[in-house]
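Data first, discussion second: the structure below is written as structure tokens.
The values are calculated or read from the model by the stated rules, or taken from the named source; none is laboratory data. Just so we're clear, the structure is a prediction, and the values are computed from it rather than from any experiment. Please note: Cβ atoms are built from the backbone with ideal geometry, for glycine as well, and neighbour counts cover all protein chains shown. These accessible areas exclude ligands, DNA and RNA; they are computed on the full protein's heavy atoms, side chains included. Shrake-Rupley method; radii C 1.70, N 1.55, O 1.52, S 1.80 Å.
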Amino acid sequence: MTRFHPTHSGERITESLVELARCSKLHRIVVAGAKGAEVMFALHRRGYIRVATTGTCGLPHGQYDVALVDWEGQSIKALETTLDWLVHFLASSAVLAVWVDSREGGVNRKLKSMLERLGFRIEAGTHCEHGVAVSARRLDAAQTAVAA
């Protein structure tokens, strides 16, 4: 895993998401959120060349290993709509890392409930930059890994 040297809050959030998702430079990554293009270019500069935004990711057929979602300044309800759409782009073993501005009340509980409804289980989380970041994996993928 590559260590970043963050210079501002957006880079610290991106670093947290990459670390939570345990991204490698070989992973196919899709980024979502208002700063998707900015995050994509920052990752490209760091050597992650298999990165796309939700605007450039093509048709959904489970082609991405990781989704990084930087959800700033938008409602948790809008996040749910985006995730409902985004999960179709993720492989069955994919990791979803989400950062949400925690100024909206009850964000932790809402995020956990939303991810569970989509079939994901939170594996790790942290507080960073006035928000909360979590990584989650599909429940069926986690059960398959335990069985193997």
Exercise. How much length is gained on full extension from Asp140 to Asp84, taking 0.36 nm per residue of separation minus their Cα-Cα distance?
Worked result: 18.4 nm
Exercise. Using a ≥ b ≥ c from the Cα gyration tensor of the chain (square roots of the eigenvalues), is it rounded, prolate or oblate, where a/c under 1.5 gives rounded and otherwise the larger of a/b and b/c decides, a/b for prolate?
Worked result: rounded
For this session: Using Cα positions and a limit of under 14 Å, work out the aspartates and glutamates in reach of Lys25, with same-chain residues fewer than 8 apart set aside.
Result: Glu15, Asp65
Exercise. Counting only protein heavy atoms, what percent of the accessible surface of the range 1-111 is carbon or sulfur at a 1.4 Å probe?
Worked result: 53 percent
Exercise. 222 nm [θ] for the chain, helices only, -39500 (n - 2.57) per DSSP H run of 4+, per residue, to 500?
Worked result: -11000 deg cm²/dmol
Exercise. What accessible area per residue, rounded to a whole number of Å², is obtained for the range 49-148 using a probe radius of 1.4 Å?
Worked result: 50 Å²
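Treating only the Cβ atoms of Lys and Arg (+1) and Asp and Glu (-1) as charged, compute the dipole magnitude of the chain about its Cα centre; round to the nearest 20 debye.
Computed charge dipole of the chain: roughly 260 debye.
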Seminar exercise, completed: For Leu26 and Arg103, extending 7 Å from Cα along the Cα-Cβ vector and measuring point to point gives, in nm, a value of 4.2 nm
For this session: Let me have the relative contact order for the chain, percent, based on Cα pairs under 8 Å that are six or more residues apart.
Result: 23 percent
